[in-house]
Each structure stands twice: as structure tokens, then as C-alpha cells.
1. Filter the range 182-208 down to residues that are under 25 Å from the mean Cα position of the chain (by Cα), of a type in the set (A, V, I, L, M, F, W, C) and loosely packed, with under 15 Cβ neighbours inside 10 Å, then give me how many there are.
2. Can you tell me how many residues within the range 216-260 are farther than 30 Å from Ile95 by Cβ, open to solvent by less than 80 Å² (accessible area, probe 1.4 Å) and not in a strand (DSSP E or B)?
3. What are the residue pairs meeting all of these: first residue in the range 18-44, first residue more than 12 Å from Ala91 (Cβ to Cβ) and part of a strand (DSSP E or B), second residue modelled with pLDDT under 80 and aliphatic (A, V, I, L, M), Cβ atoms under 8 Å, and 6 or more apart or on different chains?
4. List the strands (runs of 3 or more DSSP E) inside the range 77-180, counting only whole elements, that have at least 1 residues being at pLDDT below 90, open to solvent by 30 Å² or more (accessible area, probe 1.4 Å) and closer than 21 Å to Val270 by Cβ.
5. Can you list residue pairs whose Cβ atoms sit under 6 Å apart, with the first residue in the range 239-258 being among the acidic types (Asp, Glu) and the second being surrounded by 13 or more Cβ atoms within 10 Å (Cβ to Cβ)? Count only pairs 6 or more apart in sequence or on different chains.
6. Yes or no: the range 45-58 includes at least one residue that is at pLDDT below 85 and exposed (fewer than 13 other Cβ atoms within 10 Å of the Cβ).
Amino acid sequence: MRASLALLLWAAASAAAASEVTVFRPTAFVAQEWAYYILVGDRVLADLNSGERVTLQVPGDTRTLTVHCPKSMGGYEARRIDYDFMAHPSAYFVITAQAECVNIQPVDAKAAASFTRQTRERAARPVWYDPGPVASVPAAAPSAVAVAVAASATDVQTSIAAATAAWVEAFNSRDPARISALYDAEAVLSDTSEAGPRIGSGAIADYYKPAATRPTQRVALGEHTIRVFGDTAIDTGSYNLFEMRDGQAMLTPMRYTLVYRNRGGKWLIVDHQSAPATR
């Protein structure tokens with residue numbers, strides 16, 4: 001009886017000491033379809049595909065989370081992050097692709113709720129694979145820095161909202177130079193009314209040259225959703241396009257996607273797509 005009670009108490013203590021960890025892999029703007037592998041210590045706890053999330057139970061004394069990324073020529077890169085799971089019984093991480101393996105970023109519960117809506121759940125299960133030679137990528141930034149980055153996630157969304165508002169203001173100013181200055185030098189603009197996309201700052205500046213000849217044209221922003229993936233952010237939503245033609249007020253509902261990239265601390269548009277919304 002005492003042995004059974006001791007076993008139950010040990011199990012309860014172990015459960016209390018365990019941490020629940022959720023790892024998100026949002027669908028990237030350019031998605032890599034290979035699976036990533038989530039490891040704690042030497043144990044592979046789950047594989048994770050683009051657009052998925054997985055929730056794991058890990059010992060509370062865990063100090064490192066590792067991701068194995070397959071290489072095109074075979075083998076794997078390894079990226080790890082040191083984290084105090086004992087102090088955070090519920091932990092959330094977002095992994096985003098980089099040139100070498102991935103970036104692992106801790107996020108708070110509020111940001112995690114947003115990523116939960118963007119991803120589908122994948123059941124944790126034992127995974128067996130031959131990692132072959134694994135190249136070690138330098139560890140992620142110290143957790144204090146990572147936590148600071150996570151804490152600024154809301155600030156980034158605010159910055160993106162401000163960038164889109166700046167685009168609206170620039171568009172309504174009818175100043176071609178002011179509008180085109182918001183785009184990256186290698187940006188792409190796709191308007192379904194044109195035969196093909198405008199690629200590069202010069203082509204986009206040409207696209208906006210006629211703005212001054214249509215002084216009554218205005219946009220009014222509608223609903224929109226902002227998603228942040230490291231130094232890339234996507235703002236997707238709607239706006240109404242107004243214009244006076246021959247004394248008549250014209251209104252065209254539009255859908256848009258603005259993809260931003262952080263360039264030296266400034267969020268610039270790298271991809272812009274717009275099309276009339278279905279009435």
C-alpha cells in the first residue's frame with residue numbers, strides 16, 4: 001500500500017514538474033515542404049510540416065529545445081535554443097526558415113493564440129529517421145534577448161499597421177514619389193488590371209506616375225489581418241477605392257496583400273497584390 005502511494009506521489013510530482021511546450025511552424029511566404037524534427041535532449045519527439053503546430057510534454061528540468069532541418073544534399077542542420085522550462089510550465093515557440101536551418105523564437109500566450117489560428121494541429125508521436133551527419137548551427141540568442149524579441153511581437157504588428165496606414169495616406173496624397181518610396185528596391189507589384197507584374201522600384205514608380213492625373217482617387221482601409229514571421233510580415237485585407245468620374249462617384253471594393261520586409265529597421269513593401277473583391 002505504501003509503495004503504491006509513493007508511486008502515485010512520484011507520478012503526481014513528475015506531472016507537476018513537466019512543461020507543456022507548443023511549437024508552431026507557420027506557412028511561410030515561400031514554404032519549404034520538408035519536415036523539421038523537434039528534439040528534447042537526444043529524443044525526437046515529433047516531426048513538423050509547414051502550417052502545423054505540435055504540443056509536447058517535456059520534463060521540467062529540460063534546458064534545450066533542438067530542431068533538425070534536412071539539407072538538400074543530405075544530412076541535417078541542427079539549431080537549438082536554451083530555455084528555462086522550469087520557470088515557464090507553458091512555453092510557446094515559433095520556427096521560421098533561414099538560410100541555414102531555422103530561427104526558434106519564444107512567444108507569449110497572446111501571440112501563441114494568433115499562431116494557433118494560423119496552423120493545424122499535429123499529434124506528437126515517436127519519429128524514427130536517420131539523421132546522418134548533423135552540422136551544428138550556432139545556438140540561438142540568449143533567452144533574455146529572445147524574450148525581449150517575443151515581447152516586441154505586438155510592437156511589430158503595430159509597426160506594420162502603421163506602415164499600411166502610411167501607404168493609404170501616401171496613396172491619397174496622389175504623390176507618386178511619396179507612394180513609391182514605401183517599396184523595396186526589388187519589390188513586385190501585381191495589379192489584375194495589368195498584363196503582368198511591375199518588378200523593381202523603377203517599374204513601380206512608373207506605375208504610380210499617373211496618380212497626379214486622377215486627383216479624386218482615394219482608398220479607405222477596411223478589415224485586415226497582420227501576421228509576423230521574423231523579419232517578414234504580411235498584411236492581408238480589404239479597402240474601398242473611391243473616384244469621381246464625369247460627376248459620378250465610383251466605388252470599387254478591393255482585396256489586397258502587402259508583404260513587408262524589415263530593411264535596416266524600416267518595414268518596406270516587397271510584394272503587393274490587389275484585385276477587385278467579389279461583390
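The values are calculated or read from the model by the stated rules, or taken from the named source; none is laboratory data. This is a predicted model, so every value here is computed, not measured. Cβ: placed from backbone, ideal geometry, glycine included. Neighbour counts: every protein chain shown. For accessibility, only protein heavy atoms count, side chains too; no ligands or nucleic acids. Shrake-Rupley method; radii C 1.70, N 1.55, O 1.52, S 1.80 Å.
1. Within the range 182-208, residues that are under 25 Å from the mean Cα position of the chain (by Cα), of a type in the set (A, V, I, L, M, F, W, C) and loosely packed, with under 15 Cβ neighbours inside 10 Å number 2.
2. Qualifying residue count for the region: 3.
3. Tyr37/Val44; Tyr37/Val127; Ile38/Val44; Ile38/Leu45; Leu39/Leu45; Val44/Val127
4. Once the strands (runs of 3 or more DSSP E) in the range 77-180 are filtered for at least 1 residues that are at pLDDT below 90, open to solvent by 30 Å² or more (accessible area, probe 1.4 Å) and closer than 21 Å to Val270 by Cβ, what remains is 90-97, 102-107.
5. Going by the 6 Å Cβ cut-off, the qualifying pairs are Glu243/Gln217.
6. No, that holds for no residue.
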